[in-house]
Amino acid sequence: MTTPRLDATHDPARRSWVPSANEPGADFPIQNLPFGVFRRGGDGTPRVGVAIGDQVLDCWLLSGAGFLDDQPGAAAACRTSSLNAVMALAPEERLALRRRLAGLLAEGEEPLPAMLVPQAQVTLLLPAVVGDYTDFYASVFHATNVGSMFRPDNPLLPNYKWVPIGYHGRASSVVVSGTPVPRPTGQRKPPEAAEPVVGPSRQLDYELEVGAWIAGENALGQPVPLAEAETRLFGLSLLNDWSARDLQAWEYQPLGPFLAKNFATSVSPWVVTWEALAPFRVPAFPRPEGDPAPLPYLTSDANRECGGVNVTLEVALESARMRELGLPPYRVSRTNFRQLYWTLPQLVTHHAMGGCNLRPGDLLGSGTVSGPEPEERGCLLERTWRGSEPLTLPSGETRAFLEPGDRVVLRGWCEAPGATRIGFGECWGEVG
Ligand code: MN
C-alpha cells in the first residue's frame, strides 16, 4: 500500500473561476472534483460529468472540444455513458485526468462557461453499471450491537476479528439517490407464532454506509496484495443498504442476508475519487488491547498509519408529516468512517485473496458505520434498540422503524487542518 499523495490539486489556496465552488462549506470545491453521470433536462444521452460548485462540467463536451487530446484513454472514457470506462483507466491516467480538470477549472485560466451545465438542470444517474455488489460488516460496534440483539448469549462471533465478514449482494437493485424505495413483502415469523406469515415488512430500516467503487481489473485467480489495493479504489459514494429486519431475522440463518436486503440499495450520484481523499487519510482504527493483529496478508505499516479515511457521516429522517409542517430533516445519528475495524484496502485484498476478479464498476459496501455512542449508531435497529427505544421526531411522531412516506437522507464530508473541506452531497430515498 502506498502513502497518499498530495499535490497541487489539493492546495487549499487554489480557487476556481466557477464562483459557487469557492463558497466556504461547499461540497464541491475545486479540490474535490467528483465524477458522476448526468442527463440534461431529463432526456438525451447520459454523459460523464464532474461536479464543480453548483455546476456540472460536461466531460463529453470537454473531450469533444479537444481538451483531452493528449490523454487518449481518458478522452475516450469521457465520451461514454457511464463511469465504467473511467474506472478502467490506469491509476496514472486517472491522476493525469484529475490534474487536467483541476487545471482547466482553476482561477486564472480562461473560463469555459459553455462546458458547464447547472446541477439544477440535470438528472443525475447511477454512476456506473454495477457488475457485482458486495456488502461488508466492517464496524465492530455495529456487529456487536446487532449480535447482542439477535444472539444475546453470543454477540460477536469468534471469526469477526480475524476475517472481514461480508456477503455477495444484489447488483440489479442498486439505484441512484432519489429513487423511490417500495416496501418489500416477505416472510416473517412472529415469535409467538408457530408458522411464518407473508406480508409487507413491518420493520423497514436503513443502513448508513460508504460505498467503494472498484477501479481496474485483476484476472480470475490473481489476488490483489495489500500493497496494490489502493490502486483498485476509484472512489467513494454514500450508500444506504435498506433492510427489512423482520424478514432478515427469519431468513438469515444459515446463509446470511437474502430478500431482507435485495429490494433496493441506494447510492449517492457523485463519486469522490480516492485521490481527492488524500488529505483526509488517517490511521487505521486502533485495535483494542488483546485483539488479534490482522493476519500478515492484511497487515502493512502504510495500512496501519493511513489506511483509514476521516469522513463525517450523518443520517437524517423526514416524515411526510414533517414535510407538511415545513420542518427540516431531523438528524438521527452522526458518526465517522474512520471507526471501521477493517480498512477499505483490507476489504479489497481480502475479497480477492482467493482469486475473485474485481472489475471496474463493482461496488463494495462498508457495512453500517456505527460508533461506540448511541448517537453514532448507523441504523434504526441499533438506534431504537430493535424498536424498544423509539425516537421522537420534531413533529411529535415516534419511530421504531420506517413508516410510509419517510425520507432518509445521508450526508458525508471531510475536514482536516490545512485542507479544503470536501463533501459527498446527499443520498436520499423515500420509502413506501
Ligand atoms: Mn449493510
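Any read-out appearing in this document is the output of simple, stated calculations on the displayed coordinates, not a laboratory observation. As the structure is a prediction and not an experimental result, all values here were calculated from the model. A quick note on method: Cβ atoms are made from the backbone with ideal geometry, for glycine too, and the neighbour counts reach across all protein chains shown.
Can you figure out the FRET efficiency of residue 395 with residue 70, using R₀ = 56 Å and their beta-carbon distance, to the nearest 0.05?
Between residue 395 and residue 70 the formula returns 0.50.
Compute the signed sum of charges (Lys and Arg +1, Asp and Glu -1) over the other residues within less than 12 Å, Cβ to Cβ, of residue 46.
Working: positive: 39, 40, 47, 79; negative: 43, 58.
Value of the local net charge: +2.
Between residue 45 and residue 156, what is the label-point separation in nm under the 7 Å Cα-to-beta-carbon projection?
Result for the modelled spin labels: 5.2 nm.
For every other residue with a beta carbon closer than 12 angstrom to the beta carbon of residue 249, add +1 if it is Lys or Arg and -1 if Asp or Glu, then tell me the sum.
+3
What's the FRET efficiency of residue 253 with residue 415 using the Cβ-Cβ distance as r and R₀ = 56 Å, to the nearest 0.05?
Rounded to the nearest 0.05, the efficiency is 0.85.
Let me know the whole percent of all Cα-Cα pairs from segment 114-155 that are separated by more than 13 Å.
I get 73 percent for the Cα pairs in segment 114-155 exceeding 13 Å.
For a label point 7 angstrom out from the Cα of residue 299 toward its Cβ, which stretches of segment 158-181 have the backbone nitrogen within less than 17 Å?
161-164
Report, in debye and to the nearest 20, how large the dipole of the chain comes out about its Cα centre when Lys and Arg carry +1 and Asp and Glu carry -1 on their Cβ.
360 debye
Among 13, 83, 103, whose Cα lies farthest out toward the positive end of the dipole of segment 1-160, if unit charges sit on the beta carbon of Lys, Arg (+1) and Asp, Glu (-1)?
The one lying farthest along the dipole's positive direction is 83.
Taking the Cα centre of segment 126-280 as the origin, how large is its charge dipole in debye, to the nearest 20, when only Lys and Arg (+1) and Asp and Glu (-1) carry charge on their Cβ atoms?
On the way: 10 positive and 15 negative charges, 69 e Å.
With only Lys, Arg, Asp and Glu charged at Cβ, the dipole is about 340 debye.
Once every DSSP H run of n ≥ 4 in the chain is given -39500 (n - 2.57) and the sum is divided by its residues, what mean residue ellipticity at 222 nm do you get, rounded to the nearest 500 deg cm²/dmol? Please report the intermediate quantities before stating the final value.
On the way: 11 runs with 78 residues, N = 432.
Calculated from helices alone, the mean residue ellipticity at 222 nm is -4500 deg cm²/dmol.
Using 0.36 nm per residue of separation minus the Cα-Cα distance, give me the extension gain between residue 373 and residue 5 in nm, one decimal.
Gain in length upon complete extension: 129.2 nm.
Taking the Cα centre of segment 193-282 as the origin, how large is its charge dipole in debye, to the nearest 20, when only Lys and Arg (+1) and Asp and Glu (-1) carry charge on their Cβ atoms?
So the magnitude is around 80 debye.
Could you give the angle, 0 to 90 degrees to the nearest 10, between helix 91-105's Cα long axis and the longest principal axis of the Cα atoms of the chain?
So the inclination is approximately 70 degrees.
As I understand it, the dipole of segment 72-229 uses +1 on the Cβ of Lys and Arg and -1 on the Cβ of Asp and Glu, about the Cα centre. Which of 223, 120, 208 lies farthest toward its positive end?
Result: 208, furthest along the dipole toward the positive end.
Placing +1 on the Cβ of each Lys and Arg and -1 on the Cβ of each Asp and Glu in the chain, which of 398, 345, 68 has its Cα farthest towards the positive end of the resulting dipole?
So the residue furthest toward the plus end is 398.
Using only the Cα atoms of segment 4-86, what semi-axes does the equivalent ellipsoid have when each is the square root of 5 times a gyration tensor eigenvalue? Give whole Å, largest first.
Three semi-axes, in Å: 23, 17, 11.
Highest mean first, what order results for 118-130, 214-226, 340-352 on Cβ atoms within 10 Å? Walk me through the numbers on the way to the answer.
On the way: 118-130: 18.7, 214-226: 17.0, 340-352: 25.6.
Those peptides, ordered most packed to least, come out 340-352, 118-130, 214-226.
So, in Å, what gap is there between the alpha-carbon centers of segment 299-362 and segment 86-153?
The two parts, judged by their Cα centres, are 12 Å apart.
Just add up the charged neighbours of residue 132: K/R +1, D/E -1, any other residue whose Cβ is under 10 Å from the Cβ of residue 132.
Neighbour charge sum, excluding residue 132 itself: +1.
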